[in-house]
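The structure appears right after this line, and notes come after that.
The values are calculated or read from the model by the stated rules, or taken from the named source; none is laboratory data. Note that the structure is a prediction, hence the values are computed from the model and not measured. Neighbour counts are summed over all protein chains in view; Cβ atoms, including those assigned to glycine, are modelled from backbone coordinates with ideal geometry. We work out accessible area using only protein heavy atoms, side chains counted, and drop any ligands, DNA or RNA first. Shrake-Rupley method; radii C 1.70, N 1.55, O 1.52, S 1.80 Å.
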Amino acid sequence: MSQHLLLLILLSLLLLHKPISATPIIQKFKEAPQFYNSADCPLIDDSESDDDVVAKPIFCSRRAVHVAMTLDAAYIRGSVAAVLSVLQHSSCPENIVFHFVASASADASSLRATISSSFPYLDFTVYVFNVSSVSRLISSSIRSALDCPLNYARSYLADLLPPCVRRVVYLDSDLILVDDIAKLAATDLGRDSVLAAPEYCNANFTSYFTSTFWSNPTLSLTFADRKACYFNTGVMVIDLSRWREGAYTSRIEEWMAMQKRMRIYELGSLPPFLLVFAGLIKPVNHRWNQHGLGGDNFRGLCRDLHPGPVSLLHWSGKGKPWARLDAGRPCPLDALWAPYDLLQTPFALDS
């Protein structure tokens, strides 16, 4: 057998055994029902806007509830479910504005079309986040998923959103609300707090930073004058006006730059927030972030709810409810997420 023929046979065998890939699966979602304001909801008119650039007054209104989320293809199913849960449990759903942030490398028009088709009545904007500025500051962490530049978009909301937006509720894409988001948005930040979030002071705060950090005589004094507690950055109420005045994005970037010089933490975008804000935030009731439902970051084990009432369920951690449901290995609490899943499943084959 000639070498040329043998080579052709080998190539044919390789092609036959080559896994089918290339074409990404395009998810399609059902249209959600429209939700309407109750009779006592505040009216939003032209007088509410102080920015002539914004097309609709609601995008600048102080009476509106402004919600910020990231948007990408990997988590779009979770984002759609989260939006539905927010609207379904709101007493004034028509007064909610969504500010979505997408990476510049993403197909923003496709993401925008997905949201529009599922929520054709929704007031929302998609902002393009140029990740180049933050990419140079990202250090590798214990989970590669945490190194995605879009995880850091929450640090840049004050720059991305219009200056007229003074307060925003930031939400991760792997959660659902079962209460009125207006209650969370109305959190009293006091005279000088920049953000509010549920605190968890029983968590081992020191474990979020390396021995290099704690052994450094200067760095270890960072939390000396504050009662620093862990808080989850997946649910936050942020005063963007105070953030801008205090140049907090630069403060977070300074810690990230130090991390590039000496490894002082392990967990992606969370530690810089803790370094800047831990011990200085306005505590929120734990009901607003029942987090950790995705299980631990290594084995993805099922978790139970924390004791107490629930307003928000958060599948932070390795396991996401849609992935576990699709795999036929759901955790018990994943059944609480399933009713908000708008994914349009293909029809079964005719019998």
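Roll a 1.4 Å probe over the protein chains and send me the accessible area per residue for the stretch 220-263 in Å². For the stretch 220-263, the solvent-accessible area averages 47 Å² per residue. About its Cα centre, the dipole of the stretch 57-340 is roughly 340 debye, where the only charges are +1 on Lys and Arg Cβ and -1 on Asp and Glu Cβ.
Across the stretch 57-340, the relative contact order, built from alpha-carbon pairs under 8 Å that are at least six residues apart, equals 21 percent. Around the amide H of S103, modelled in the peptide plane, lie the amide H atoms of L71, F129, all under 5 Å away and 5 or more residues distant in sequence or on another chain. Remark: for residue pairs K183/K227; K56/K282; K260/K282, the C-alpha separation exceeds 28 Å in K56/K282; K260/K282. When only Cα pairs below 8 angstrom with a gap of at least 6 residues are kept, the stretch 199-351 shows a relative contact order of 19 percent. Stokes-Einstein, applied to the Kirkwood radius of the stretch 168-219 over Cα pairs at a viscosity of 1.567 mPa s and 4 °C, places its translational diffusion at 88 µm² s⁻¹. In a DSSP loop and with at most 14 other Cβ atoms within 10 Å, the trypsin sites (Lys or Arg not before Pro) in the stretch 226-301 are R226, K227, R299.
The length gained by stretching the chain between S215 and E245 to full extension, at 0.36 nm per residue less their Cα-Cα distance, is 7.5 nm. Find, among the chymotrypsin sites (Phe, Trp or Tyr not before Pro) in the stretch 290-341, those assigned to loop by DSSP (not H, G, I, E, B) with at most 13 other beta-carbon atoms within 10 angstrom. Filter output for the stretch 290-341: F298.
Remark: the stretch 57-340 projects, on average over all directions, an area of 14.6 nm² (convex hull of Cα atoms).
Summing +1 for each Lys or Arg and -1 for each Asp or Glu among the other residues whose beta-carbon sits under 12 angstrom from that of Q88 gives -2.
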